[in-house]
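**Student:** Take this structure first; my questions come after.
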Amino acid sequence: MNDSCTESELIEKIVEEILNFEFIQMPSNDATMEPVGINSRIEAVTKLLDIESNDVRMVGITGLGGIGKTTIAKAIYNSFSNRFKAKSFLENVREWSKTDQGIIHLQETLLKGVSKDKNLRVNTIYEGKTRINKILRLKKVLIILDDVDNADQIETLLGQCECFAFGSRIILTTRYKSLLVNRNGLSTYDYGVKELDEDEAIELFRKHAFPRNEVPEDYLELEKQAISYAKGLPLALKVMGRDLCEKTIQEWNDALDYYKKNLHEDIKKILRRSYEGLTENEQNIFLDIACFFKGYNMSYNMIKDVLKACGLYPVYGIRKLIDKCLLTIDQYNYYLLMHDLLQQMGMDIVRQEALKKPGERSRLWRYKEALDVVTKNMGSDKIRSIILWSPKSKSEKVQIKAQFCKMKNLRLLLIRNVRCRNGPLVCLPNKLSLLDWHGYPFSSFPSNFFPKKLIVLNMPYSRLKEPLIQNFVSLTNVDFSWCNLIMKIPNLSTAPNITQLILEGCRNLVEIDDSVGHLDKLEVWDLFQCQKLETLPNCLTMKSLRYFDLLECERIKKFPNILHKMKGVQYLNLEGNCTNELPPSFGNLIGLEGLIISSDSGEARLPSSIYNLQHIKELQLAGDFIFPKNVEIDRQPMCNSLGCSSKYVFPMLKRLQLYFFEIRSEIEFILNCCCPLTLEVLEIYKSKVVTLPECISRFERLHTLIIGDCNKFWEIQRLPHSIRCVDVGYCPSLDSQSFFQLLPEIIGLPPNLPPCLGVTSHMLMFPHSSTMYGTHLYCFRECSFEVAGRKNDIPNWFNHQRDGNLISFSIGPEFPTIALCIAFGMQDFLCNCDYYVFISINGRERMFEVRKNTRRWHLCFICRPQSTLQGLFRDLQLTDRNHVEIRCEPFNASYYPSSREKIAPIVERIGVHVDCNCPLFQDISKHLHPLMLKSLRRAARADVKYIEQPQHDPDFAANKDYFCIE
């Protein structure tokens, strides 16, 4: 204030400031109590506000009722109001805006907050808007409008949005996301408030249920139930906490049982406000989702189709419910989600329709009520949906015959885990949009059943013999999986809208009508395990097909002709099919990215159109497949002679798997001509491959090579530098010496690794491993592999060895390279195990290795360079002497095949090679044979790193546990 002011003027100005301060509608005292979880939410909103920038921003704080929007807004106001000279916080905008006088009151409050006119009065709404427009052009303001529910309220209180002075910030709390649309260039942002996480929910609940912050132990389980019920909604946690405070355990139990069936009035009051603001269309959609679709495994798009057939407008209505925070949709835009308490509120609304007469309600979902209505013939034309699903472990017998005749307006029917004791079924409502009846007990549908609006027909495990669905004109989704009495799929030309046809496990299905091949809208066609299926449609013209499963359809004699190019099918598994001759049109499946085909009898020639599959990324061939030679692709000769090509056949191929190839030249052709240089994984099993061609070294991205059960395989000549994993399993002809000569190139030996690892095979000292039979080698840049052997085969250069699964030693002030060998023993030949290896230094433990499928009587070698240990223990400062422990823990034991008992894998011995600083003679001389002690002393004087075992010392092996060489 100016120093020249008189005393009276000074007093007047102070009074004026006080009055202006009072005109700012400040948050109530409870906003200053550091609400639970508020800090992270303030931080998120603060980022969106970006107070330092000079633009004008509007931030919406959105979410369902009771989620804490107002609490967050108050906290933001308290945090930033001191940075704005003009500010106003308007609470309960929705309530005040119900009358003109209330709107004028809000306008006056806002104007008094952003001006210094303590006597300001507004006579009409128009006058208020005009004054607001004028004053907001001149001042940088912070305005918070709490609980806004329509755009008129924003316009009435903020006027023209372009009139704000630079740096102004406007915050809305609302349940309606659509109010945040961009307004005349104003930057708008949405912060959707999330439910409290478990820790926050516990803290908030205890704050109200146990004010002294002491929770008796016998209340802990009840507390869990209460928190689970609230699902992170702050309102529910507060209300229940206050309600249960100082109550006995018996009262808690009763109250929690009551909550599960009846919403607390205070919670219901807040949540119901949103429902009451919905249109009739939106209310019906909300109730259908709450009482039927929530928890039902159905996609968003399918729900929309079903609701549309029910006479609703779901595309518009669901979007409005999402906008009003009554529904959400998952990140994949696939499933609709609803908070549990909103669902309970919706169910309560339906229950209030007829408290004592369930048959007069619009929706039935409780099993006992639905059972009474159906079995006692208490239904009415008011019922729109029924869920009859027994919660018992065994299905329950129910009498159903003519009860559905009264329910003429029934749209949604779900029946599961019940059995009918009588039959046949007399009727089903023709207005059904969804019929989901697992285990339908009748052989056919009622003769008068013509559901022209039926969208979804799910009848798995039913006793239907002839699924006559020709007249179901609107049908889009059909599931007859595991219907073992169905032998033929009839003509479906009168059901042209089918998008999904699930026939999985129809064990007696033999024939499918040709009309199915012309269903243009069919996207998913599942024939998995149709073991007797012989005849497919002659032709496929399905432009929309994207999923086609023929796995284990072993009797199919002929693959259909593909009349038009089909881009949708990306994966096709023909394993186990009798499809030795693919049609010339097979190449029209141009969208294929994964293909598995097998041939069980002799050579199978592939059509030249196979080369049209230019998007193949994974290819698996089982059997002797003959590729066409000397054909043209894009008018370029593909192959002039074996081993040279002008263009690779499958330019995007990443993974190639070959099984049971008897023709060696064909393997060479595939590797030379079909695989691009970018191939990453090559697997060859049970084939007559002898060696890999030179071209394999050119695969610049090949990181995994697996050769398994190839009896004739004897040599790997070259490997690319990109290789990281090699698995050579059960190849008895492979020469071990030539193989180990490749090890330095394969693994890129790290520094300080003893030269005996992999340079020459005899230095590895595996006395029982003269060939590579039974050998599995996993080679990484950090050097890990497996080899057949027992505990006594651990090479002697591992200078620390001990029986059991734990070994320890000490190291100096620098991290060393560690080479580890673990000997496993199993109780059964078929037993495999997975294992963890942990390393701890001075008590700080880290994961050293995780491995899977280690075989019986195997040695596992692992080498980790200095850099790896430095990364694991980057926060550890080493001293002159540091204690190290390495521990191996097996897990996931296999089952013994005959007894079904778990077989415990055994870690028999561990060996470590490391540059340690263990005392050379401390505490061990008394255990060593004199000849060994003499050798150690001589080695120490000569600074020798490796000592041969004394050939004439019978006690040396017995003392191997104490053997430490530095």
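**Student:** Sorting check: for 261-272, 423-434, which peptide has the highest mean count of neighbouring beta carbons within 10 Å, and how do the rest follow? The partial results should precede the final answer.
**Tutor:** Values: 261-272: 16.8, 423-434: 19.0.
Top of the packing list down: 423-434, 261-272.
**Student:** So, one more: Keeping the other protein chains in place, figure out the carbon and sulfur percent of the accessible area of the stretch 337-421, with a 1.4 Å probe.
**Tutor:** Details: 1970 of 4030 Å².
Answer for the stretch 337-421 is 49 percent, counting heavy atoms of protein chains only.
**Student:** List the pairs from Lys98/Lys269; Lys320/Lys368; Lys177/Lys269; Lys47/Lys238 whose alpha-carbon separation is above 23 Å, in the order I gave them. Mind showing how you got there, number by number?
**Tutor:** Values: Lys98/Lys269 18 Å; Lys320/Lys368 34 Å; Lys177/Lys269 21 Å; Lys47/Lys238 28 Å.
Long pairs (Cα-Cα over 23 Å): Lys320/Lys368; Lys47/Lys238.
**Student:** If you scale each eigenvalue of the Cα gyration tensor by 5 and take the root, what three semi-axes come out for the stretch 112-239, rounded to whole angstrom and sorted largest first?
**Tutor:** Details: eigenvalues 371, 58, 32 Å².
Over the Cα atoms of the stretch 112-239, the ellipsoid semi-axes are 43, 17, 13 Å.
**Student:** Using a 1.4 angstrom probe on heavy atoms only, work out the carbon and sulfur share of the accessible area of the stretch 513-586 in %.
**Tutor:** Details: 1560 of 3340 Å².
Carbon plus sulfur share of accessible area: 47 percent.
**Student:** Follow-up question, since we're still on this one. Karplus couplings for the stretch 371-386 from phi (6.51 cos²θ - 1.76 cosθ + 1.60, θ = phi - 60°), rounded to Hz, Gly and Pro as x?
**Tutor:** Per residue, the Karplus-derived 3J(HN,Hα) values read 4, 4, 4, 6, 6, 9, 6, 9, x, 8, 6, 7, 6, 9, 8, 9 Hz.
**Student:** So what are the three principal axis dimensions of the stretch 410-540 from its Cα atoms, in whole Å, longest to shortest?
**Tutor:** Largest to smallest, the principal-axis extents are 39, 27, 21 Å.
**Student:** Next question. Please compute the per residue accessible area over the stretch 239-335 with all protein chains in place, 1.4 Å probe, rounded to a whole number of Å². Working shown, then result.
**Tutor:** Working: 4850 Å² over 97 residues.
For the stretch 239-335, the per-residue accessible area is 50 Å².
**Student:** Can you run phi through the Karplus equation (6.51, -1.76, 1.60; θ = phi - 60°) for the stretch 108-113 and list ³J(HN,Hα) in whole Hz, with x for Gly and Pro?
**Tutor:** Each residue of the stretch 108-113 in turn: 4, 4, 4, 5, 5, x Hz.
**Student:** Select from Leu509, Cys530, His564 the residue farthest towards the positive end of the dipole of the stretch 505-573; place +1 on Cβ of Lys and Arg, -1 on Cβ of Asp and Glu, and compute about the Cα centre.
**Tutor:** Sorting the options by dipole projection puts first His564.
**Student:** Which far-off residues, 5 or more places away or on another chain, put their amide H under 5 Å from the one on Arg416, with H placed in the peptide plane?
**Tutor:** The list, which skips near neighbours in sequence, is Leu388, Trp389, Ser390.
**Student:** Sticking with this structure for a sec: For the pairs Lys69/Lys304; Lys85/Lys118; Lys308/Lys408, flag any whose C-alpha to C-alpha distance is greater than 21 Å. Show your work: numbers first, answer last.
**Tutor:** On the way: Lys69/Lys304 30 Å; Lys85/Lys118 15 Å; Lys308/Lys408 18 Å.
Over 21 Å Cα-Cα: Lys69/Lys304.
**Student:** What lysines sit close enough to Lys565 to cross-link, taking a C-alpha to C-alpha distance under 18 Å and skipping anything fewer than 8 places away on the same chain?
**Tutor:** Qualifying lysines at Cα under 18 Å: Lys521, Lys543.
**Student:** When ranked by the protection proxy of mean other Cβ atoms within 10 Å per residue, highest first, what sequence do the peptides 861-874, 145-158 form? Intermediate results must be reported in sequence, preceding the final value.
**Tutor:** Numbers: 861-874: 17.6, 145-158: 19.4.
Highest-to-lowest ranking by the protection proxy: 145-158, 861-874.
**Student:** Can you pull out the GluC sites (Glu not before Pro) in the stretch 290-393 whose DSSP state is coil and whose Cβ has at most 16 other Cβ atoms within 10 Å? Please report the intermediate quantities before stating the final value.
**Tutor:** On the way: sites: Glu353, Glu360, Glu369; in loops: Glu353.
When the GluC sites (Glu not before Pro) of the stretch 290-393 are filtered for loop state and at most 16 Cβ neighbours within 10 Å, Glu353 remain.
**Student:** Further question: Got a number for carbon plus sulfur as a percent of the stretch 274-323's accessible area, 1.4 Å probe? Let's see the in-between values first.
**Tutor:** Numbers: 940 of 1980 Å².
Roughly 48 percent, rounded to a whole number.
**Student:** Given H placed 1.01 Å from N in the peptide plane, which residues other than close sequence neighbours of Arg605 have an amide H under 5 Å from its amide H?
**Tutor:** Ile626
**Student:** Pairs Lys376/Lys406; Lys231/Lys268; Lys324/Lys382: which exceed 23 Å Cα-Cα? It would help to have the intermediate numbers written out before the result.
**Tutor:** Numbers: Lys376/Lys406 12 Å; Lys231/Lys268 15 Å; Lys324/Lys382 28 Å.
From Lys376/Lys406; Lys231/Lys268; Lys324/Lys382, over 23 Å: Lys324/Lys382.
**Student:** Right, something else. Could you compute how fast the stretch 178-232 diffuses translationally, taking Rh as the Kirkwood radius over C-alpha pairs and applying Stokes-Einstein at 25 °C with viscosity 0.890 mPa s? Give it in µm² per second.
**Tutor:** Numbers: Rh = 13.9 Å.
Here the translational diffusion coefficient equals 176 µm²/s.
**Student:** Of the listed peptides 519-531, 75-87, 330-342, 55-67, what is their order by residue-averaged count of other C-beta atoms within 10 Å, with the highest listed first? Don't skip to the answer; put the middle values down first.
**Tutor:** Working: 519-531: 19.5, 75-87: 17.5, 330-342: 15.8, 55-67: 22.6.
Answer by packing, highest mean first, reads 55-67, 519-531, 75-87, 330-342.
**Student:** On to the next question. Pop out the ³J(HN,Hα) list for the stretch 615-628 in order, Karplus 6.51 cos²θ - 1.76 cosθ + 1.60 with θ = phi - 60°, rounded to Hz; leave Gly and Pro as x.
**Tutor:** 10, 4, 10, 10, 10, 10, 10, 10, x, 8, 8, 9, 7, x
**Student:** Still on this structure, please answer the following. Taking 8 Å as the Cα distance limit and 6 or more residues as the minimum spacing, I'd like the relative contact order of the stretch 486-613 as a percentage.
**Tutor:** Details: 347 pairs, mean separation 22.9, N = 128.
Relative contact order of the stretch 486-613: 18 percent.
**Student:** Residues with amide H under 5 Å of Ala86's amide H, sequence separation 5 or more or different chain, H placed in the peptide plane at 1.01 Å from N; which?
**Tutor:** Amide H neighbours of Ala86, under 5 Å, 5+ apart: Leu142.
**Student:** How are the alpha carbon pair distances in the stretch 244-387 distributed across 10 Å bins from zero to the largest one, expressed in percent?
**Tutor:** All Cα pairs considered, the percentages come to 10, 37, 34, 15, 3, 0.
**Student:** Using the Cα centre as the reference, give the magnitude of the dipole from point charges on the C-beta atoms of the stretch 58-130 (Lys, Arg: +1; Asp, Glu: -1; all else neutral), rounded to the nearest 20 debye. Each step should come with its number before you reach the end.
**Tutor:** Values: 12 positive and 6 negative charges, 63 e Å.
About 300 debye.
The values are calculated or read from the model by the stated rules, or taken from the named source; none is laboratory data. All of these numbers come straight from a predicted model, not from anything done at the bench. In this analysis, Cβ positions are derived from the backbone assuming ideal geometry, glycine residues included, and neighbour counts consider all displayed protein chains. Side chains included, ligands, DNA and RNA excluded: accessible areas come from the protein's heavy atoms. Shrake-Rupley method; radii C 1.70, N 1.55, O 1.52, S 1.80 Å.
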